[in-house]
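Take a look at the structure below.
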Amino acid sequence: MAVPIEEAMSALSTFSLEYFSFVEYSDVSAYRLSLSEDTKALNQLNSLIREGKEMESVLYTYRSCVKALPQLPDSMKQNQADLYLETYQVLDLEMSRLREIQRWQASASSKLAADMQRSMLKLLDVLVQLDHLKNAKASIPNDFSWYKRTFTQVSIQWQDIDSMREELDDLQIFLSTRWAILLNLHVEMFRVNNVEDILQVLIVFAVESLELDFALLFPERHVLLRVLPVLVVLATSSEKDSESLYKRVKINRLINVFKNDPVIPAFPDLHLSPAAILKELSMYFPKFSAQTRLLTLPAPHELPPREAQEYPRHYLIVNHIGAIRAEHDDFTIRFALSLNQLVLLKSMDGADIEWCKEVKGIMYDMVVEGFQLLSRWIARIWEQCAWKFSRPCKDPVLTESLEAAASFSDYEKVVRYNYSAEERKALVELVSYIKSVGSMMQRCDTLAADALWETIHSEVQEFVQNTLATMLKTSFRKKKDLSRILSDMRTLSADWMANTSKPESELQTLQHGSEESKRSFFYSRPVAPTAAQIHCLQFLIYEVVSGGNMRKPGGLFGNSGSEIPANDLKQLESFFYKLSFFLHILDYTVTVATLTDLGFLWFREFYLESSRVIQVSGVSFVLPIAASDIGEDDALFGYGWRPTLILLEAVPRSGVLVLIFPIECSLPWMLVDYVIESQNAGLLESVLIPFDIYNDSAQHALVVLKQRFLYDEIEAEVDNCFDIFVLKLCEMIFTHYKSWAASELLDPSFLFALDNGEKFSVQPKRFTALLKMTRVKLLGRTINLRSLIAERMNKVFRDNIEFLFDRFESQDLCAVVELEKLLGILQLAHQLLSRDLSIDSFGLMLNEMQENVSLVSYSSRLASQIWTEMQNDFLPNYILCNTTQRFVRSSKVSVLPVQKPSVPYAKPSFYCGTQDLNSAHQSFARLHSGFFGIPHMFAIVRLLGSRSLPWLIRALLDHISNKITTLEPMITGLQEALPKSIGLLPFDGGVIATLISASCSLLK
């Protein structure tokens, strides 16, 4: 049942997936510092970035409207004008969004050019990604062409349309020109003086940050990788000599950065290549075309074979999973230990101050390390996906189910057939590590908050109260401008109230000290600085290093021309990067959400419009619109699996459905399916983890992309996938317990006599945790998995009993021993499963299948079948062998052979679980298949029990009585016809002896 969208948004997860916590600087004005203009500029920057992210969402989720537009038949051509008008009104809404993007990029480029600095890298990244999306989306120019055509038709009767035509022409130029946003930025940027030096500073900063791995979170690193090639192109296309750039940063360093990351994630299913960007932009920037060393870098598809084999070692997770596993185990142990120490500290009164500080410092270090681990791990998933998208599978390995397919979509080649079994296993394992560590860190948020805030407070106060005080007395004593900035830093963030709470005894002790007494002493308090304070501290540090001039060449920490002593510069640099870490730790919930969001693994908007359309019918598909929009005449319904999603533009008015993506192309489902199909015991408890990807993608669709139709598609796919998951999981559980039971019931002497008896043993699997799950969170719903499994298991056990009875009814009475054995295996499997799962009793299910639940019914399906076999086959066709005391089938062929149904087919799980166990038990069953004897009689007695056995005996006695009654007149007549000398014949001689004796008597 669908959940209302408002409830889904609030219940999808315990935190929001907002990737950027935009900062308001309203509290800075209270300090009365000269930062009003700077904070105003930063607010404008944040506003532009926020708007840019919304523009990205519009472009990324844009889908063609033209494909869904109806085509008028010839009989309705007179309504063509009305159709044009309605089409124009539909497309005009979409084109208005594109006009808004055009206007926004112009204002953003002007702002970026007017105030270039390090903090503008995020805005530059937004512009680059918008340009890349505009270039990649083929549906946008197609829709615009149709829009322009309809505008021409509907504007004939309009007046004053010159301005509209001019606006339309501008939009056409914007959409048709590749890298139009970047070209506009280039024009705006070089209207500013000295912009080349600023670009070079940003390039140096980006290269150093990438080389020294300064970025704490993976999005920061990817931002630097995306903007660096653009910055290089802009810096080398200026009027100045481009060689000045290579004096600040060697070209080999740039080449190494680009070679180390030939593929950069941009969007879930789109990637960027620095080499491809450089080559394409060289056509638009003539000065840059002279940079031959940069232009000879190979794009991902141009890599030589040797390099193409080396890069997978870096990109593929399977090559790093061993180290990641060790990191995970080590971190979880140490994090739990530090958390336990923190809990112990909170439970104690009057603990030693130094020990308290140490425990909280360790907790802070563990949180930073956890963020770094999560960032590295999720970055590996992003980068592996980008690598897979850049290197699609060329020759998919066909299976029997795929041989009928003539071709494969591009998305199948980059996802479905591009991941080997080992790669899927490694990905499932890594996703599990990310989710488990993220959940562990999220649960301790409130517990660790005070410790984190106190540690940050201590770090900030130590720097501003002591380190800056020392600098003011020594290095900056005669530099009034810089001293003023340092004083502003102290005014902005110093907590002087923390110094007043120290006991008098400690203060008196400190007065006798020499150097220590000159330092400020304070108590750490759980009062962390605000994000605005941290941003302003970074801004002021940057201003100090750049000498108060933001446009001074080389205004970074590596500025050799700075008058600041090297030791002070190093301290400023260290604190500057610590402040970056503080921002993420203070924004703890959002940081954890960002580092555990794997929703990008589901999205495929780019491939949705690039995939070819293929007509199909009668197969299961993932097609993106509501199923209610499909007519009754559409093929696809009424078959095994229902369609989950139907793409709007792929449903023409003719009513023919078309294939977009099979369900097997969905990467989250691929991971779930791999865990089930591989039956890897180590991954079994992680089988639900990939479903959390759907939670992330749904949250991303609603909160970030703000597109309801994407959520509807995810919801439809989840409904289908979870149904299939429960079906496959129950089949897996049933097979395991059935195999376990069959293995337990094997004769020990049989196993002892075999050399390979271990193949009949069943390895234990940890289903207990799954069978106890009663609250699975999925798209705002709470699913009782235990109840679903129990419901399905009740049905599977009943189906198995039904199959065993059908199988027995298709054989003769000698198969009753096999039936008892198989029912015994099934009953033991039920007993083993009942330890962990509450299901119906086996006796109740058996009676239901035997139709023997009435209190006044003493017959049953099994008893009736046994009696029918005795009556129709056993009694007429079997004779007793005195030697073996067994009933065997007579050699005389019956005149009327007994008609039986064919033996039904079923999976091995309905027999003994596996093929090997089936073979072993069937070999025992064959020993009792050629006769009817004591084992069969005991089997009948045990199967029928005290309730139906009297009925069977009564039916046999009645049958024999009827036969005797029928034969009695014949025997009496025979006795009267025989001579009186022939008396009662001896029975102990057997049939032949009796016949000879009677013949001899007649001859006399």
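The values are calculated or read from the model by the stated rules, or taken from the named source; none is laboratory data. All figures in this text were calculated on a predicted structure; none of them were measured in a lab. Heads up, the Cβs are rebuilt from the backbone with ideal geometry, glycines too, and the neighbour counts pull from every protein chain shown.
Say whether the condition of being out of contact with any Cys (no Cβ under 8 Å at 6 or more places or on another chain), part of a helix (DSSP H, G or I) and polar (S, T, N, Q) is met by at least one residue in the stretch 398-405.
Yes: the stretch 398-405 contains one or more residues that are out of contact with any Cys (no Cβ under 8 Å at 6 or more places or on another chain), part of a helix (DSSP H, G or I) and polar (S, T, N, Q).
What are the residues in the stretch 948-1004 that are closer than 25 Å to residue 866 by Cα, free of Cβ contacts under 8 Å to residues at least 60 places away in the same chain, surrounded by 10 or more Cβ atoms within 10 Å (Cβ to Cβ) and of a type in the set (Ser, Thr, Tyr), if any?
961
Inspect the stretch 102-122 for any residue being touching a Lys or Arg at 6+ places or on another chain (Cβ under 8 Å), surrounded by 14 or more Cβ atoms within 10 Å (Cβ to Cβ), of a type outside the set (Asp, Glu) and modelled with pLDDT of 90 or more and give the result as yes or no. If you could, list the steps in order and put the result at the bottom.
As a first pass, look at the stretch 102-122 and keep what is touching a Lys or Arg at 6+ places or on another chain (Cβ under 8 Å): 113.
Then drop every residue that is not surrounded by 14 or more Cβ atoms within 10 Å (Cβ to Cβ), which leaves 113.
Now drop any that are not of a type outside the set (Asp, Glu), which leaves 113.
Retained after the next criterion (residues that are modelled with pLDDT of 90 or more): none.
The answer is no, given that none of the residues of the stretch 102-122 is touching a Lys or Arg at 6+ places or on another chain (Cβ under 8 Å), surrounded by 14 or more Cβ atoms within 10 Å (Cβ to Cβ), of a type outside the set (Asp, Glu) and modelled with pLDDT of 90 or more.
Exactly one of (1) modelled with pLDDT of 65 or more; (2) outside any helix (DSSP H, G or I); (3) surrounded by fewer than 14 Cβ atoms within 10 Å (Cβ to Cβ) is unmet by residue 497. Its number?
Here residue 497 clears every test but (2).
Tell me which residues, restricted to the stretch 152-177, are more than 24 Å from residue 106 (Cα to Cα) and out of contact with any helix residue (DSSP H, G or I) (no Cβ under 6 Å at 6 or more places or on another chain).
Narrowing the stretch 152-177 to residues more than 24 Å from residue 106 (Cα to Cα): 152-160.
If the condition is that a residue be more than 24 Å from residue 106 (Cα to Cα) and out of contact with any helix residue (DSSP H, G or I) (no Cβ under 6 Å at 6 or more places or on another chain), then 152, 155, 156, 157, 158, 159, 160 are the ones that fit.
Kindly provide the set of residues from the stretch 242-276 that are farther than 19 Å from residue 220 by Cα and small (Gly, Ala, Ser), ordered by number.
The answer is 242, 244, 275, 276.
Determine the pairs where a residue that is in contact (Cβ under 8 Å) with a residue 12 or more places away in the chain, located within the stretch 868-888, has a partner that is of a type outside the set (A, V, I, L, M, F, W, C) and exposed (fewer than 13 other Cβ atoms within 10 Å of the Cβ) with Cβ atoms under 8 Å apart, the partner being 6 or more residues away or on another chain.
876/894; 877/890; 877/894; 878/890; 882/990; 888/930
Which residue pairs have Cβ atoms under 9 Å apart, sit 6 or more places apart or on different chains, and have a first residue in the stretch 704-715 that is farther than 16 Å from residue 606 by Cβ and a second that is basic (Lys, Arg) and surrounded by fewer than 22 Cβ atoms within 10 Å (Cβ to Cβ)?
Going by the 9 Å Cβ cut-off, the qualifying pairs are 704/53; 709/63.
Looking at the stretch 171-195 only, could you name the residues that are charged (D, E, K, R) and loosely packed, with under 13 Cβ neighbours inside 10 Å?
First pass over the stretch 171-195, keeping only residues charged (D, E, K, R): 178, 188, 191.
Within the stretch 171-195, 191 is the sole residue that qualifies.
Please report, ordered by residue number, the helices (runs of 4 or more DSSP H) entirely within the stretch 141-222 with at least 2 residues that are in contact with a Ser or Thr (Cβ under 8 Å, 6 or more places away or on another chain), in the same structural domain as residue 281 (by TED's automatic domain parsing) and in contact (Cβ under 8 Å) with a residue 60 or more places away in the chain.
The helices (runs of 4 or more DSSP H) meeting that bar are 195-212.
I need a count of the residues in the stretch 53-87 that are out of contact with any Leu (no Cβ under 8 Å at 6 or more places or on another chain), modelled with pLDDT of 80 or more and either aromatic (Phe, Trp, Tyr) or in a loop (DSSP other than H, G, I, E, B) (or both).
Looking only at that region, the number is 3.
Inside the stretch 696-731, can you point out the residues that are within 29 Å of residue 790 (Cα to Cα) and basic (Lys, Arg)?
Answer for the stretch 696-731, where residues must be within 29 Å of residue 790 (Cα to Cα) and basic (Lys, Arg): just 728.
Kindly indicate whether any position in the stretch 464-484 is of a type outside the set (Lys, Arg), surrounded by 19 or more Cβ atoms within 10 Å (Cβ to Cβ) and either under 30 Å from residue 320 (Cα atoms) or touching a Gly at 6+ places or on another chain (Cβ under 9 Å) (or both).
We begin by selecting, within the stretch 464-484, every residue of a type outside the set (Lys, Arg); these are 464-472, 474-476, 481-483.
Subset that is surrounded by 19 or more Cβ atoms within 10 Å (Cβ to Cβ): 464-465, 468, 471, 476, 482.
So of that shortlist, the ones also either under 30 Å from residue 320 (Cα atoms) or touching a Gly at 6+ places or on another chain (Cβ under 9 Å) (or both) come out as 482.
Checked the stretch 464-484: at least one residue is of a type outside the set (Lys, Arg), surrounded by 19 or more Cβ atoms within 10 Å (Cβ to Cβ) and either under 30 Å from residue 320 (Cα atoms) or touching a Gly at 6+ places or on another chain (Cβ under 9 Å) (or both).
When you scan the stretch 828-841, how many residues do you find that are surrounded by fewer than 17 Cβ atoms within 10 Å (Cβ to Cβ) and in a helix (DSSP H, G or I)?
Result for the stretch 828-841: 2.
For the condition among the charged types (D, E, K, R) and in contact with an Asp or Glu (Cβ under 7 Å, 6 or more places away or on another chain), what is the one hit in 942, 954?
Selected residue: 942, the only one of 942, 954 that is among the charged types (D, E, K, R) and in contact with an Asp or Glu (Cβ under 7 Å, 6 or more places away or on another chain).
The conditions are (1) touching a helix residue (DSSP H, G or I) at 6+ places or on another chain (Cβ under 6 Å); (2) closer than 20 Å to residue 428 by Cβ; (3) not polar (S, T, N, Q), and residue 326 fails exactly one of them. Which is it?
For residue 326, the exception is condition (1).
I'm told residue 267 meets every condition in (1) of a type in the set (Phe, Trp, Tyr); (2) at pLDDT 90 or above; (3) more than 21 Å from residue 134 (Cβ to Cβ) except one. Can you identify the failing condition by its number?
(3)
Take the residues in the stretch 746-787 that are under 23 Å from the mean Cα position of the chain (by Cα), free of Cβ contacts under 8 Å to residues at least 60 places away in the same chain and part of a loop (DSSP other than H, G, I, E, B); name whichever of them is surrounded by the most Cβ atoms within 10 Å (Cβ to Cβ).
784
Only one of these conditions is not met by residue 964: (1) modelled with pLDDT under 80; (2) within 25 Å of residue 882 (Cα to Cα). Which number is it?
(1)
Just checking, does the stretch 848-858 include any residue being farther than 23 Å from residue 959 by Cβ, modelled with pLDDT under 95, outside any loop (DSSP other than H, G, I, E, B) and assigned by TED's automatic domain parsing to the domain that holds residue 947?
Scanning the stretch 848-858 turns up at least one residue that is farther than 23 Å from residue 959 by Cβ, modelled with pLDDT under 95, outside any loop (DSSP other than H, G, I, E, B) and assigned by TED's automatic domain parsing to the domain that holds residue 947.
Only helices (runs of 4 or more DSSP H) wholly contained in the stretch 291-391 count here; list those with 3 or more residues that are loosely packed, with under 15 Cβ neighbours inside 10 Å and not assigned by TED's automatic domain parsing to the domain that holds residue 260.
Hits in the stretch 291-391: 305-315, 321-346, 353-390.
Does the stretch 374-385 contain at least one residue that is farther than 23 Å from residue 226 by Cβ and either among the basic types (Lys, Arg) or modelled with pLDDT of 90 or more (or both)?
No: zero hits.
Would you pick out the residues in the stretch 230-255 that are in contact (Cβ under 8 Å) with a residue 12 or more places away in the chain, assigned to a helix (DSSP H, G or I) and out of contact with any Phe, Trp or Tyr (no Cβ under 7 Å at 6 or more places or on another chain)?
230, 231, 232, 234, 235, 244, 245, 248, 251, 253, 254, 255
How many residues are over 13 Å from residue 793 (Cα atoms) and among the acidic types (Asp, Glu) when one looks only at the stretch 815-842?
2
I'd like to know if the stretch 932-939 contains one or more residues that are of a type in the set (Gly, Ala, Ser), assigned by TED's automatic domain parsing to the domain that holds residue 861, surrounded by 11 or more Cβ atoms within 10 Å (Cβ to Cβ) and in contact with a His (Cβ under 9 Å, 6 or more places away or on another chain).
Yes, there is a match, as at least one residue in the stretch 932-939 is of a type in the set (Gly, Ala, Ser), assigned by TED's automatic domain parsing to the domain that holds residue 861, surrounded by 11 or more Cβ atoms within 10 Å (Cβ to Cβ) and in contact with a His (Cβ under 9 Å, 6 or more places away or on another chain).
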